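One structure is given below, encoded as structure tokens.
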Amino acid sequence: MIRGIRGATTIENNDKQEILTATEKLLRVMISENKIDAEDVAQIVFSVTDDIDAAFPAAAARQIDGWSFVPVMSMREIPVPGSLPMCIRVMMTVNTAAKQEEIQHIYQGGAIVLRPDLSTVKENN
């Protein structure tokens, strides 16, 4: 079955290293919590708010061993007034036997406010 796994995080500064570090941390938790193997990933789409432009968050996937062939893309979010600033979102499309309700969507930092109904604190892995 093909499923989407969502994740999001926030950063403090529009800084290349901070963007890559926060994104890699988010990806590693998404991978761990959902027991994802790179071979099962169809694609990963990353989006950022307008206030982030110092780096492509998709580059963080390349820092994870075995993930260099996963197709990735970075794009901008729609700039809706009042939306969460300094936010990086991830949509990972994977092949999995997990049921929809078994998927662990990961929200870290200030992004927990986006889906508090799905969020459990999973900051480190």
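Just so you know, all these numbers are worked out from the coordinates, no wet-lab data involved. Here the structure is a predicted model, which means the values were calculated and not measured. Cβ coordinates were reconstructed from backbone atoms using ideal geometry, including for glycine residues, and neighbour counts include every protein chain displayed.
List of remarks:
- From phi via Karplus (6.51, -1.76, 1.60), per-residue ³J(HN,Hα) for the stretch 104-114 in Hz, x at Gly/Pro: 9, 7, 10, 10, 10, x, x, 6, 4, 5, 5
- Antiparallel bridge percentage (DSSP; both residues within the chain; nearest 5): 70 percent
- Averaging the sequence gap over all C-alpha pairs within less than 8 Å and six or more residues apart, then dividing by the number of residues, gives the stretch 2-114 a relative contact order of 46 percent.
- Residues in the stretch 72-89 carry Karplus couplings, in order, of 10, 8, 10, 8, 9, 6, 5, x, 6, x, x, 6, 4, x, 6, 10, 10, 10 Hz; the curve used is 6.51 cos²θ - 1.76 cosθ + 1.60 with θ = phi - 60°, and Gly or Pro positions show x.
- Stokes-Einstein diffusion coefficient of the chain, Kirkwood radius over Cα pairs, 20 °C, 1.002 mPa s, in µm²/s: 148 µm²/s
- Rounded tilt (10° steps) of 16-34 against the dominant C-alpha axis of the chain: 30 degrees
- Pairs of Lys in the chain closer than 22 Å at Cα, counting only those 8 or more apart or on different chains: 6
- Net charge over other residues, Cβ less than 15 angstrom from the Cβ of V45 (K, R count +1; D, E count -1): +3
- Proximal charge balance of Q63 [Cβ under 15 Å; K/R count +1, D/E count -1]: +1
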